[in-house]
Every structure is written in C-alpha cells, then in structure tokens.
Amino acid sequence: MIAVGGGIGALARYAIGVWIPHKPGHVPWSTLLINSLGCFLIGILMVLITEVWAAHRLLRPFLGIGFLGGFTTFSTFTVEVRGLFESGVHLTAFLYFVGTPIAAVSAVLLGVLCTRTASGISTRGAGDA
C-alpha cells in the first residue's frame with residue numbers, strides 16, 4: 001500500500017512540477033506549493049483518521065506514508081536551496097530556506113484547525129495538534 005500510494009503521489013508531484021515549471025535562479029514555486037499542500041493534507045488526514053473516523057488500518061500507510069510521502073519533496077527543496085545559493089541569489093535562497101519550513105508547519109496546523117472546525121471537534125487545548 002505504501003509503494004502504490006508513493007507512486008501515485010510522485011506522479012502527482014511530477015504533474016504539478018510540469019504544470020508550474022521554474023527558472024534557475026528563481027523561487028521554485030511548484031516545490032513550495034507541493035510541500036505546503038502536502039503538509040496541509042497531512043494535517044487533515046491525521047485529524048480524520050485519529051479523531052473523526054475509525055479508519056481502515058491500511059489508510060494511513062497508503063495516504064500518509066505512501067501518497068503524501070511520495071507527493072512532498074523536501075529532498076528537492078534542499079537541492080533547490082543549494083542551487084539558489086550557487087547561482088548567487090543569496091537572499092532568495094535564504095528566504096526560500098527559512099520560508100518553506102514555516103509554510104509547511106503552518107499548513108499542517110491550518111489543516112488540523114480547518115478539519116477540527118469542519119467536523120465540530122473542539123479546538124480547545126489543541127496546542128498539541
């Protein structure tokens with residue numbers, strides 16, 4: 001299930017990369033979108049399978065580890081940061097380096113909050129999201 005989900009996630013990531021290509025020396029918006037969207041979706045998924053549904057035992061490995069693991073691409077992010085630094089756009093590289101993890105964590109928290117709100121789960125004490 002992990003391999004199947006991972007393959008599908010990687011194909012989805014590739015499709016977005018083709019749809020939103022980036023030029024060398026510029027912010028790779030497709031990777032930022034992919035990682036932020038994947039983190040938002042993991043926030044949603046984790047609330048759904050731990051707080052809302054009695055999920056099938058293979059759903060988490062298929063979607064969480066497989067699909068979203070294959071979809072997100074933090075290894076590409078690190079290569080792109082290095083490429084930006086090597087191309088001499090140091091401020092862009094630094095902002096991308098710092099901004100991506102902030103966007104990713106914020107996306108997870110937003111996914112958790114939106115899902116808890118939509119499902120009617122109390123968000124009091126949700127600091128442990």
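Quick grid of which residues meet (1) among the hydrophobic types (A, V, I, L, M, F, W, C); (2) touching a helix residue (DSSP H, G or I) at 6+ places or on another chain (Cβ under 7 Å); (3) surrounded by 13 or more Cβ atoms within 10 Å (Cβ to Cβ); (4) at pLDDT 95 or above:
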| residue | (1), (2), (3), (4) |
| --- | --- |
| Arg57 | no, no, no, no |
| Glu80 | no, yes, yes, yes |
| His90 | no, no, no, yes |
| Val98 | yes, no, no, yes |
| Ala103 | yes, yes, yes, yes |
| Ala107 | yes, yes, yes, yes |
| Gly111 | no, yes, yes, yes |
| Arg124 | no, no, no, no |
Condition set polar (S, T, N, Q) and outside any helix (DSSP H, G or I), scope segment 68-92, selection farthest from the chain's Cα centre (by Cα): answer is Ser87
| message | It is to be established whether one or more residues within segment 29-46 are under 25 Å from Ala93 (Cβ atoms), part of a loop (DSSP other than H, G, I, E, B), β-branched (Val, Ile, Thr) and in contact with a helix residue (DSSP H, G or I) (Cβ under 7 Å, 6 or more places away or on another chain). | response | no
query = Looking at this structure, is Ile49 among the β-branched types (Val, Ile, Thr), crowded, with 16+ Cβ neighbours inside 10 Å, at pLDDT below 95 and not in a loop (DSSP other than H, G, I, E, B)?
reply = yes
Only unsatisfied item for Ile65, checking (1) more than 24 Å from Ile2 (Cβ to Cβ); (2) part of a helix (DSSP H, G or I), is (1)
Within segment 3-22, of all residues that are over 17 Å from the mean Cα position of the chain (by Cα) and either in contact (Cβ under 8 Å) with a residue 40 or more places away in the chain or outside any helix (DSSP H, G or I) (or both), the one nearest to Val79 (Cα to Cα) is His22
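The values are calculated or read from the model by the stated rules, or taken from the named source; none is laboratory data. Since we're looking at a predicted model, the values are computed, not measured. Don't worry about glycine lacking a Cβ; one is built from the backbone with ideal geometry, like all the others, and counts go over all protein chains shown.
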